[in-house]
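Take a look at the structure set out below.
Quick note: the coordinates plus some simple rules give every number you see, no bench work behind them. Just so it is clear, the model here is predicted, and its values are computed rather than measured. No Cβ is skipped: glycine too gets one built from the backbone with ideal geometry, and neighbour counts run over all protein chains shown.
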């Protein structure tokens, strides 16, 4: 049976208490904050629980917030069985971002976490194969961080060029 | 990713006393059947694979990073390049996200124009998927048939928006132009012809014995596995899950349209095999024709684009929108901080999920079948890497 976001939030609170943050936002985009170390357990419960039944991790994204000294990992959960949604957010410390992996819960998370590791430098604790996925293995830094500075050259190849049109 | 770290297994002796060892092969990145620049590291014992490990990133153009630099309107032409085989859907996803954040309502005629363009684009993309699949498996003629029909579509698109591949037809708030005069009649002429071509195509290849035997029972993906790996669109429906964002989580004017959602039935073997994924696409071609006919019949008059300020600054917030692209449920997670530049844009594409399942389904199948698997999953390399 589909649950509304308030009911899903209440169910998570019932099991994890204050570990689950307050419900923010409205409708489809309503979300709650979870501490980085607890996300794996919360995800496992959300997946296995008979009422929640979140059998699908629709999306996993990372967002850099230098002002809050945080890198936020956002989990969009979806249930094919019940057709309901919930969003969990995790704030990892920006200088040493470590978040528990959910790749054991949803296999889709494996590659999504590798992507967040590659582009934002979040280390997923317990991930079976945390390697870069899109950038070259020896690329310096994590490009989607707001303070990323593009290297001037990579293996002797310049990353910029003179414009032929500029006189 | 080099070959280092994938050590060759220690030599072993077979029952008959032969000494053998596994081969580690690099397939790609420039392999004709990988549909773009894409590489697999294959561990094989003779012709049978132990596993195929995908190595992606060759087409990474940092489109998500570009979004943060070019502004809301300026990013639209870049979205075409996310999936250049089905660019219309990327246009649609980005505009939907921006409109949701800013609370803009698209005029109804604009929504109809979008759906017509989307469905033509779905035919466009599925034709390439079906045609190239036949070609990968060794039948060249069906590919030429598919490309011939696709060429008519290219002409229609060119007349609609001036472009044949990277359309940039939609705008935040609606579409760039209304349908050109006489264009609707041309579309109807095309559809009338095209539906007979689908039947011809089925006679030519879909139910060809060699073709079906190549695909039946190969790389079966169970419904549970498909959901766990977040397979979407025809790949998900091929595994027997009747879920289509257009019907089950409707957007635009889809609730007003009548269409069926084809699912894999295990017609030639097991539900979720390569053939099911293929035939779902073929059946969707006809459904798209149905949708376009209805749209042309019932679209109202009026403006096609809402008034949107040139200096577009949606209020701070985030949103996640989904739409059914040719490769299935495409997700856009967009964050705005209230400035003229998007704060973050994450694009979750169908091909990214589809390629991550290759390693799991490639165990103990023939190397030649890997080609069928790649083709049946309809992998489009730029969409994987973005």
Take the alpha carbon gyration tensor of the protein assembly as shown, find the square roots of its eigenvalues, order them as a ≥ b ≥ c, and report rounded if a/c is under 1.5; if not, report prolate when a/b exceeds b/c, else oblate. rounded
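Provide a whole-number value for the mean count of partner chain Cβ atoms within 10 Å of the Cβ atoms in peptide A:134-140.
On the way: counts 12, 3, 3, 3, 0, 1, 0.
Counting other chains' Cβ atoms within 10 Å and averaging over A:134-140 gives 3.
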In which sequence would B:126, A:127 go, from the one with the fewest C-beta neighbours within 10 Å to the one with the most? A:127, B:126
Among A:25, A:37, A:104, the residue with the largest mean-square fluctuation in a Gaussian network model of chain A built from Cα contacts under 10 Å is A:25
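Which whole-number percent gives the relative contact order of the stretch A:5-152, counting Cα pairs below 8 Å spaced six or more residues apart? Intermediate values should be presented prior to the final figure.
Values: 271 pairs, mean separation 27.7, N = 148.
19 percent.
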Determine, for B:201, B:169, the number of other Cβ atoms within 10 Å of each Cβ, and report the residues in order from fewest to most. B:201, B:169
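Taking each residue of B:222-231 in turn, how many C-beta atoms of other protein chains fall within 10 Å of its C-beta, and what is the average? Let's see the in-between values first.
On the way: counts 0, 2, 2, 1, 2, 10, 9, 8, 13, 2.
Mean partner-chain Cβ count within 10 Å for B:222-231: 5.
Take B:379, B:153 and order them by how many other Cβ atoms sit within 10 Å, fewest up front. Walk me through the numbers before you get to the answer.
Numbers: B:379 25, B:153 19.
By the 10 Å Cβ count, ascending, the order reads B:153, B:379.
Nearest 500 deg cm²/dmol is fine: what mean residue ellipticity at 222 nm does chain B get from its DSSP H runs of n ≥ 4 alone, each adding -39,500 (n - 2.57), divided by its residue count? Could the numbers behind the result be given before it?
On the way: 15 runs with 172 residues, N = 386.
Calculated at 222 nm, the ellipticity per residue is -13500 deg cm²/dmol.
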For labels at residue A:162 and residue B:165 in the simple 7 Å Cα→Cβ model, what's the distance in nm? 3.1
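Give me a single rounded figure for A:98-111: the average over its residues of other chain Cβ atoms within 10 Å of their Cβ.
3
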For the stretch A:18-64 and the stretch B:363-386, write down the distance between their C-alpha centroids in whole Å. 32
Could you give the nm distance between label points at residue B:359 and residue B:247, where each point is 7 Å from its Cα heading toward the beta carbon? 3.4
If we restrict to alpha carbons, what Rg and Dmax does the stretch B:1-151 come to, in Å? 22.4, 75
Using square roots of five times the C-alpha gyration tensor eigenvalues, list the equivalent-ellipsoid semi-axes of chain B in whole Å, biggest first. 38, 26, 17
Describe numerically, in nm with one decimal, the distance between label points set 7 Å from Cα along Cα→Cβ at residue B:340 and at residue A:26. 3.0
Who wins for biggest fluctuation among B:308, B:271, B:245 in a Gaussian network model of chain B, springs between alpha carbons below 10 Å? B:308
Ranked by GNM mean-square fluctuation in chain B (Cα springs under 10 Å), the top entry among B:105, B:200, B:21 is B:21
